[in-house]
Amino acid sequence: MYTADNWKDYEVLDTAHGEKLERWGNVLLRRPDPQVIWKKEGNPALWKKADGFYHRSKSGGGSWEFSKKLPDRWQISYGKLKFFVRPTGFKHTGLFPEQAVNWDYIGKKISGETRKINVLNLFAYTGGATLAAAAAGADVVHVDASKGMVSWAKENLELSGLRDRYVRFIVDDCEKFVAREIKRGHFYDGIIMDPPSYGRGPGGEMWKMEDRIYDLVKLCSNLLSDNPLFFIINSYTTGLAPTVIKNIISLALSGKAEAEEIGLPVTSSGIFLPCGATGRMIV
């Protein structure tokens, strides 16, 4: 398992009964997590201190309940990277902390190069990987179908003091953008993608991970430079095991790959919370 264990401003305090208790800076949030099927808390008293509690609805979705008034948003840091976070609909906060394992990986890869590195970040959300690549010195193209998420990513870039770096923000369907980049003859030294299980593009295009991921990776193979630095797929889709991701990369890119679960340490119990899987092309 690749573990995101270098956080200072974020922490999984405890997990039990289908939920996780997290610290986001000084704010404690209690959220559902489908991976947590165990029933033993590490520190039962901590759960009562949650500032926010996301309740799932039996009819789908859910809502937040707060024990005190929280700011509309607040900041947390990961090394030199800074992010705005806030409780949003569907239990999210605008950041997936386990992705720090990939931020560290691409940052180290890019920093070790003397040439200019061009990176494509697909399904880029609020820009964690974009910031990591830009901070390491890469030129980055950031693509997401949500205008709101792209705006959030721009704010994170400025918050991190990276306004002077070359980052091109694109609101578009990722598959269509890749197809156009191939026609334009553009190439990238690094590609990272974190596609949703289900989703829609800005024009209503339907995305289903299992049906589309192989074809997208195959398409992306046409964008890799002659000397690629990395190709990364991340997935939280249930049933998409690390070996499946490894096989997709190996077959679609005709090369070697590695894949592992990714996870977060749980402070109270010493266990690890699984948060999906990541696959990487071996260069």
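The set of residues in the stretch 98-115 being of a type outside the set (V, I, T) and assigned to a helix (DSSP H, G or I) consists of E98, Q99, A100, N102, W103, D104, Y105, G107, K108, K109, S111. When A129 is tested against (1) under 25 Å from R115 (Cβ atoms); (2) touching a residue at least 60 places away in the same chain (Cβ under 8 Å); (3) over 17 Å from the mean Cα position of the chain (by Cα), only condition (3) is not met. The criterion of at least 3 residues that are within 19 Å of the chain's Cα centre (by Cα) and without any contact (Cβ under 8 Å) to a residue 60 or more places away in the chain is met, among strands (runs of 3 or more DSSP E) falling completely within the stretch 204-283, by 230-235, 272-281.
Of all residues in the stretch 173-195, those that are touching a residue at least 40 places away in the same chain (Cβ under 8 Å) and of a type in the set (D, E, K, R) total 4.
Readers should treat all values here as calculations from the given coordinates under stated rules, not as data from a laboratory. Computed from a predicted model, the values in this text were never measured in an experiment. Methodologically, a virtual Cβ is constructed for each residue, glycine included, from the backbone with ideal geometry; neighbour enumeration extends over all protein chains shown.
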